[in-house]
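Worksheet: one structure, shown below.
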């Protein structure tokens with residue numbers, strides 16, 4: 001009798017588990033073709049997502065890890081700039097240095113937001129070749145661009161030079177930006193930072 005009850009319980013568990021697998025809440029560790037289709041779906045949804053929904057999607061993709069690298073690499077060449085910039089953001093958060101070569105190929109994307117995200121991702125992954133571009137972004141007319149550049153620089157270098165991205169007047173930011181430039185000029189030839197020849201500082 002006990003054996004029969006045990007068998008019935010196991011059967012119920014299997015049926016319930018099978019039923020759950022057809023739902024929409026999939027485990028991030030789902031294997032094989034199912035996981036690949038989930039990744040494809042997530043990337044296809046990016047153009048139509050905004051704010052928290054988009055952020056949650058990109059975090060999901062970053063947590064997918066190695067399984068998502070191939071599709072995200074293709075996404076860097078997508079016709080939609082939002083998809084390209086999102087893929088770069090995901091690579092930066094993912095932290096897998098194997099994605100650096102793919103990002104380097106798109107460092108000069110014609111869309112400035114995509115180029116910014118690629119530069120940020122490279123720096124977060126340890127490639128300092130785009131530091132000059134990020135320092136240049138500290139003088140952007142757009143506050144959110146100044147913030148993104150500053151946060152990437154600060155998080156990696158631990159320095160701030162009293163920079164305030166909220167300062168709307170370029171004159172108020174000038175001293176801090178100059179200190180960032182001077183710091184990089186002093187560090188750029190250090191083997192610790194040399195990951196390619198950065199472009200000269202343009203003002």
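The values are calculated or read from the model by the stated rules, or taken from the named source; none is laboratory data. Please read all numbers here as calculations on a predicted model, not as lab measurements. Don't worry about glycine lacking a Cβ; one is built from the backbone with ideal geometry, like all the others, and counts go over all protein chains shown.
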Q) Quick check, is residue 71 touching a residue at least 12 places away in the same chain (Cβ under 8 Å), over 28 Å from residue 192 (Cβ atoms) and either assigned by TED's automatic domain parsing to the domain that holds residue 166 or surrounded by fewer than 23 Cβ atoms within 10 Å (Cβ to Cβ) (or both)? A) yes
Q. Can you spot a residue in the range 140-161 that is at positive phi and not assigned by TED's automatic domain parsing to the domain that holds residue 77?
A. yes
Q | Candidate set from the range 125-143 (those that are in contact with a helix residue (DSSP H, G or I) (Cβ under 7 Å, 6 or more places away or on another chain) and surrounded by fewer than 19 Cβ atoms within 10 Å (Cβ to Cβ)); member that is farthest from residue 178 (Cα to Cα) | A | 126
Q.
Would you confirm, using the coordinates I've provided, whether residue 113 is in contact with a helix residue (DSSP H, G or I) (Cβ under 9 Å, 6 or more places away or on another chain), under 17 Å from residue 74 (Cα atoms) and not assigned by TED's automatic domain parsing to the domain that holds residue 186?
A. no
Q | Every residue from the range 144-164 that is assigned to a loop (DSSP other than H, G, I, E, B) and surrounded by 14 or more Cβ atoms within 10 Å (Cβ to Cβ) | A | 161, 163
Q: Could you please give the count of residues in the range 85-143 that are under 21 Å from residue 163 (Cβ atoms) and either in a loop (DSSP other than H, G, I, E, B) or touching a strand residue (DSSP E or B) at 6+ places or on another chain (Cβ under 8 Å) (or both)?
A: 7
**Q.** Qualifying residue in the range 13-26 (condition: at pLDDT 95 or above and either loosely packed, with under 11 Cβ neighbours inside 10 Å or farther than 27 Å from residue 145 by Cβ (or both))
**A.** no
Q: Could you pull out the residue among 202, 176 that is modelled with pLDDT under 90 and closer than 15 Å to residue 139 by Cβ?
A: 202
Q | Any chance residue 119 is surrounded by fewer than 17 Cβ atoms within 10 Å (Cβ to Cβ) and closer than 24 Å to residue 93 by Cα | A | no
